[in-house]
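The values are calculated or read from the model by the stated rules, or taken from the named source; none is laboratory data. Just so you know, these numbers come straight off a predicted model, no measurement behind them. FYI the Cβ positions are ideal-geometry reconstructions off the backbone, even for glycines, and counts take in every protein chain you see. Keep in mind that these areas ignore ligands, DNA and RNA; they rest on the heavy atoms of the full protein, side chains included. Shrake-Rupley method; radii C 1.70, N 1.55, O 1.52, S 1.80 Å.
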Amino acid sequence: MSDSDLALLDRPIWSALTTSQKYLAEGGPRALRYPVDMTPFADMADMSAASFAALGDLLPASQVAALFTLDPVDVPAGFKVVLSETGEQMIGSPADSPLRDAEIVTLGAADVPAMMALTALTKPGPFAARTYELGTFLGIRAGNELVAMAGERMKPGKFVEITAVCVHPDHRGRGYAQALLAAIARQIEARSEIPFLHVFSSNASSIALYQRQGMTIRRRLHVTALMKEG
């Protein structure tokens, strides 16, 4: 892949909303965001006062915007930071990891309550009522209960972000996360696209899992969630 292709990943939210997911973008030339019932992700053309004002216009009261940036965000007056962390951006082709005692199924609208319950329990990142519309989501059930899942979210150019990789605490240690990571990656690669993902820098166990599966850290990004004051 070329340097210009990889550069899309330096600003994954802006890149996604101006390329493959342009049809989802809300806003204008200075600030863009996904629909609020899909994900809180947003970005700006730059860090100018005018761009922050445009972002503010996209934010209703109490609504959070989450930014992924190369540098720390200097938030101006009128906004407050509710989260400031760093995350590792990882890329690569996760190794296949077959399952012996479970079946991977495709999830859809009827599974949203179960998906939201699982993500609320395991906290892999934001998951809303329409997040599943961003791409394919796969899951594993035990009886009638959804116990593991993973899916697709941001799509900057030819890259597709793997997201919501999570397993119910009572069902860990069975290889479910590895199997779902690989299954999602194979679907992405079948479309001639490239899988990548984000994970908080503090999540050492997940980073180690993804590295064992063959993914590598590309770079560190700053994750800032903010909202308007007042």
With R₀ set to 25 angstrom, the calculated FRET efficiency between the beta-carbons of residue 142 and residue 190, to the nearest 0.05, is 0.35
In terms of the charge dipole of the chain, which places +1 on Lys and Arg and -1 on Asp and Glu at the beta carbon, the residue among 56, 31, 73 farthest towards the positive end is 73
Across 98, 29, 156, the residue with the highest GNM fluctuation in the chain (Cα network, 10 Å cutoff) is 29
Residue-ordered couplings for the stretch 202-209, obtained by feeding phi - 60° into the Karplus form 6.51 cos²θ - 1.76 cosθ + 1.60 and rounding to whole Hz (Gly and Pro as x), are 6, 8, 4, 5, 5, 4, 5, 4
Applying the gyration tensor rule to the Cα atoms of the chain (axes a ≥ b ≥ c; rounded if a/c under 1.5, else prolate if a/b exceeds b/c, else oblate), the class is prolate
With a 1.4 angstrom probe the carbon and sulfur portion of accessible area for the chain, in percent, totals 51
Here, GluC sites (Glu not before Pro) of the stretch 92-159 satisfying both criteria (DSSP loop; at most 14 other Cβ within 10 Å) are 103
For residue 219, other-chain or 5+-apart residues with amide H closer than 5 Å (H placed, Pro excluded) are 89
Note on the stretch 1-51: alpha-carbon gyration tensor, axes a ≥ b ≥ c; rule is a/c under 1.5 for rounded, else prolate if a/b larger than b/c, else oblate; result oblate
Ranked by GNM mean-square fluctuation in the chain (Cα springs under 10 Å), the top entry among 113, 195, 35 is 113
For the stretch 1-136, whose charge dipole is built from +1 on Lys and Arg Cβ atoms and -1 on Asp and Glu Cβ atoms, the candidate among 16, 127, 2 with its Cα farthest towards the positive end is 127
Given unit charges at Cβ for Lys, Arg (+) and Asp, Glu (-), the dipole magnitude of the chain about its Cα centre in debye, nearest 20, is 200
Net charge (Lys, Arg +1; Asp, Glu -1) of residues whose beta-carbon lies under 14 Å from that of residue 192, residue 192 excluded, is +1
Residue by residue through the stretch 75-83, the couplings from Karplus 6.51 cos²θ - 1.76 cosθ + 1.60 with θ = phi - 60°, in Hz, x for Gly and Pro, are 7, x, 4, x, 10, 10, 8, 10, 7
Phi angles of the stretch 58-63, converted by Karplus (6.51 cos²θ - 1.76 cosθ + 1.60, θ = phi - 60°) into ³J(HN,Hα) in whole Hz with x for Gly and Pro, give 8, 9, x, 4, 6, 8
Within the set 214, 143, 56, GNM on the chain using Cα springs under 10 Å gives the largest fluctuation to 143
Relative contact order of the chain (C-alpha contacts under 8 Å, at least 6 apart) in percent is 30
Per the rule of 0.36 nm per residue minus the C-alpha distance, extending residue 50 to residue 201 adds in nm 51.3 nm
With DSSP loop assignment and no more than 13 other C-beta atoms within 10 Å, the trypsin sites (Lys or Arg not before Pro) in the stretch 184-230 are 191
Mean accessible area per residue over the chain (1.4 angstrom probe, all protein chains present, square angstrom) is 45
Per the rule of 0.36 nm per residue minus the C-alpha distance, extending residue 57 to residue 5 adds in nm 15.7 nm
Amide H neighbours of residue 148 at under 5 Å, excluding residues fewer than 5 places away on the same chain, with H built from the backbone geometry, are 140, 168
Quick numbers on the stretch 186-230, Rg and Dmax over C-alpha atoms in Å, give 14.8, 47
Under 5 Å from the placed amide H of residue 31, counting only residues 5+ away or on other chains, we find 45
Applying the gyration tensor rule to the Cα atoms of the stretch 104-230 (axes a ≥ b ≥ c; rounded if a/c under 1.5, else prolate if a/b exceeds b/c, else oblate), the class is rounded
Measuring from its Cα centre, the stretch 1-115 shows a charge dipole (+1 at each Lys and Arg Cβ, -1 at each Asp and Glu Cβ) which, in debye to the nearest 20, is 360
